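Below is one structure, written out as structure tokens; comments come after it.
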Amino acid sequence: MTDKAKFPQTEIIRKQFPQKDVHGAISMPVYSSAAFEFDTAEEMEDAFLGKNGKHTYTRISNPTVEAFESRVQTASGAPHVMAVASGMAAISNVFLTIAYSGSNIVTSTHLFGNTFSLFLFTLKEFGVEVRFCNMLDVESVEKQIDENTCGVFTEIITNPHIEVADLSALSALAHKKGVPLIADSTIVPWNFFKAADFGIDIEIVSSTKYISGGATSIGGLILDYQTYDWEQSKKLHNLAKMTGKRAFQVKLRGEIARNMGATMSPQVAQLQSLGLETLDLRFRQEAQSCLELAKFLKTLPEVQQVNYNGLTDDPFYAISKKQFGDYPGAMLTFSLKDKATCFAFINRLNIIRRATNLFDNKSLIIHPESTIYGTLSPEYKKMVEVPDNMLRLSVGLENPEDLKADILQSLRFQV
Ligand SMILES: *Cc1c(COP(=O)(O)O)cnc(C)c1O
């Protein structure tokens, strides 16, 4: 499985810029330039036709962004990686590449808030149907797939429900039905989760989270494992006849991403490249602290329920261990008596910060029902099933003893 020996830490750190920097800079230079110049019209023609690998314009490609993508390729093993402006840009670009009017996406209602909204509201207005099912029940997924399904989409650990589907079973089903499996793996990075081992065809990551290295910037990644035969896709069928397994990336990079224009900036690529160098260290520490805090929260009588896949009595412990080893992310949820108790608890915290986001170096707390899902109507709130007595904690790099003390002082506050 995914042990330390297999994560190419040394290669990520050592990976050089494709062309040597003229000054021999040891850190990745930021090519903060909108456009690139050519000596001749012929060279310029070749660049625009993609014949000489040269950059023309930063919305299309940029040397700093390309170097970041190449490091992500090393970290993940994916043959094609595209960096974009945010996790949501990654998800929307993927579906703009494969969906079409009359097609449908098979997924669960247990989704990150904006992903739910993208599927249910935004894409719907372009004639793309979303079909909800229970990802934990393969038969319920199978029933929703038909000849117009453009993809099955799942989060590897749902946020904030912290559920884990059996990814090998899902990919076996999707492939039997001739559709690609697309997964959002933001919660567990490549040092403990290898999408290719579970038959995921397209992996999506919000690099804002673990990779940015301390909430420095917003970014997203699309990883194409080139495992799906796009000749089976109604939309990419003809392209796949010409380009084979590369059809998805040809459509994405050559058309969709450049037309949508949600490009990652070179400044962000540099920050996130640096974040990638310390990802393994930070992730291990945060996941260990998260397990420690989950165990601690379970001992407190004020806490009604704790959800973390690393707890041996968690309903998803076994499948989580199989897929993510001993490190199922650094996000947990827990329940207090009611919403008012949750708010009072949040307001008294001194060390844990009141903020959204995940996997900052700082621990972050949020009440999802009133914030991330706050603008949903009661009908949609019911669909997403986020209870109003639940809190989400993303565990940072503080000393876990200080975090426990902060939780205790807030829970047991006396006037
Ligand atoms: C944050 C997040 C996203 C969206 O990413 P942005 O970078 O904020 O656009 C998508 N999926 C999951 C699981 C997330 O946590």
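The values are calculated or read from the model by the stated rules, or taken from the named source; none is laboratory data. For clarity, every value in this text was computed on a predicted model and none was experimentally measured. With ideal geometry, Cβ positions are generated from the backbone for all residues, glycine too; neighbour counts draw on all protein chains shown.
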- Query: Can you tell me which of Ile156, Ile98 is crowded, with 23+ Cβ neighbours inside 10 Å, in contact (Cβ under 8 Å) with a residue 60 or more places away in the chain and within 16 Å of the ligand (Cβ to nearest atom)?
  - Reply: Ile156
- Looking at Thr299, Thr356, which one is surrounded by fewer than 22 Cβ atoms within 10 Å (Cβ to Cβ), closer than 18 Å to Val205 by Cβ and without any contact (Cβ under 8 Å) to a residue 60 or more places away in the chain? Thr356
- Message: If a residue must be closer than 18 Å to Thr375 by Cβ and in contact with a strand residue (DSSP E or B) (Cβ under 6 Å, 6 or more places away or on another chain), how many such residues does region 88-115 contain?
- Response: 1
- Read through the list (1) touching a Ser or Thr at 6+ places or on another chain (Cβ under 6 Å); (2) away from the ligand (no atom under 16 Å from the Cβ), then give the number of the only condition that Ser171 fails. (1)
- Message: Go through (1) more than 19 Å from the chain's Cα centre (by Cα); (2) surrounded by 19 or more Cβ atoms within 10 Å (Cβ to Cβ) for Arg282 and report which single condition fails.
- Response: (1)
- Query: Right, Glu139: more than 16 Å from the ligand (Cβ to nearest atom), in contact (Cβ under 8 Å) with a residue 12 or more places away in the chain, of a type in the set (Asp, Glu) and at negative phi or not?
  - Reply: no
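Across region 200-221, what is the number of residues that are part of a strand (DSSP E or B) and under 9 Å from the mean Cα position of the chain (by Cα)? Walk me through it before giving the result.
From region 200-221, those part of a strand (DSSP E or B) are 202-206, 220-221; that's our starting set.
If we keep only those that are under 9 Å from the mean Cα position of the chain (by Cα) too, we end up with 203-206, 220-221.
Matching residues across region 200-221 total 6.
Mind telling me which of the residues Ala67, Ala78 ends up being surrounded by 19 or more Cβ atoms within 10 Å (Cβ to Cβ), within 22 Å of the chain's Cα centre (by Cα) and assigned to a loop (DSSP other than H, G, I, E, B)?
Values: Ala67 fails: assigned to a loop (DSSP other than H, G, I, E, B).
Of Ala67, Ala78, the one residue that is surrounded by 19 or more Cβ atoms within 10 Å (Cβ to Cβ), within 22 Å of the chain's Cα centre (by Cα) and assigned to a loop (DSSP other than H, G, I, E, B) is Ala78.
Just checking, which of Lys245, Lys235, Lys209 is touching a Ser or Thr at 6+ places or on another chain (Cβ under 6 Å) and either in the same structural domain as Val72 (by TED's automatic domain parsing) or over 11 Å from Ile98 (Cβ atoms) (or both)?
None of the others qualify; the one that does is Lys209.
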- Flagged in region 190-206 as touching a strand residue (DSSP E or B) at 6+ places or on another chain (Cβ under 8 Å) and buried (at least 24 other Cβ atoms within 10 Å of the Cβ), in numbering order, are Ala195, Ile200, Asp201, Ile202, Glu203, Ile204, Val205, Ser206
- Query: Which residue pairs have Cβ atoms closer than 7 Å, lie 6 or more positions apart in sequence or on different chains, and pair a first residue in region 207-220 that is acidic (Asp, Glu) with a second residue that is more than 6 Å from the ligand (Cβ to nearest atom)?
  - Reply: none
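Filtering region 222-238 down to residues that are aromatic (Phe, Trp, Tyr) and not in a helix (DSSP H, G or I), which residue is farthest from Gln270 (Cα to Cα)?
Ranking the qualifying residues of region 222-238, first place goes to Tyr228.
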- Pairs with Cβ under 6 Å, 6+ apart, first in region 24-44 and more than 18 Å from Phe68 (Cα to Cα), second charged (D, E, K, R): none
- Message: As an exercise: evaluate Leu223 against (1) more than 10 Å from the ligand (Cβ to nearest atom); (2) surrounded by fewer than 24 Cβ atoms within 10 Å (Cβ to Cβ); (3) not small (Gly, Ala, Ser) and give the number of the one condition it does not meet.
- Response: (2)
